[in-house]
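Below is one structure, written out as structure tokens; the observations come after it.
The values are calculated or read from the model by the stated rules, or taken from the named source; none is laboratory data. Please read these numbers as outputs of a predicted model, since none were measured by experiment. Positions of Cβ are generated from backbone atoms using ideal geometry, with glycine treated the same way; all protein chains shown enter the neighbour counts.
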Amino acid sequence: MGFLAFAMMWLVGWAALSLSPAGVPIAASIGFSATGPVAGTIAPAAQSYIGSVAAGSTFAKLQTGDDVKCLV
């Protein structure tokens, strides 16, 4: 599931970042919250596949919420 989770996170994450602030529910639907990835969702599965998250990457932007404001 690692690569599939990564691919889904990247595609859905890109949409969430492109539609900010409308992207907030999109980011939340794959497991990103104001406090970071939610256990048991696509986000931590993708992070497991990625390993060390590079600064400025799609995952990093979703994780910090800097580009998707007001994550729930």
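The residues of region 3-57 that are touching a residue at least 24 places away in the same chain (Cβ under 8 Å) and hydroxyl-bearing (Ser, Thr, Tyr), listed by number, are SER20, SER33, SER48, TYR49. Where helices (runs of 4 or more DSSP H) fall entirely within region 12-72, those with at least 1 residues that are under 17 Å from GLY2 (Cβ atoms) and modelled with pLDDT of 75 or more are at 42-50, 58-64. Put simply, of SER48, SER18, SER33 the only residue that is touching a helix residue (DSSP H, G or I) at 6+ places or on another chain (Cβ under 7 Å) and surrounded by fewer than 16 Cβ atoms within 10 Å (Cβ to Cβ) is SER48.
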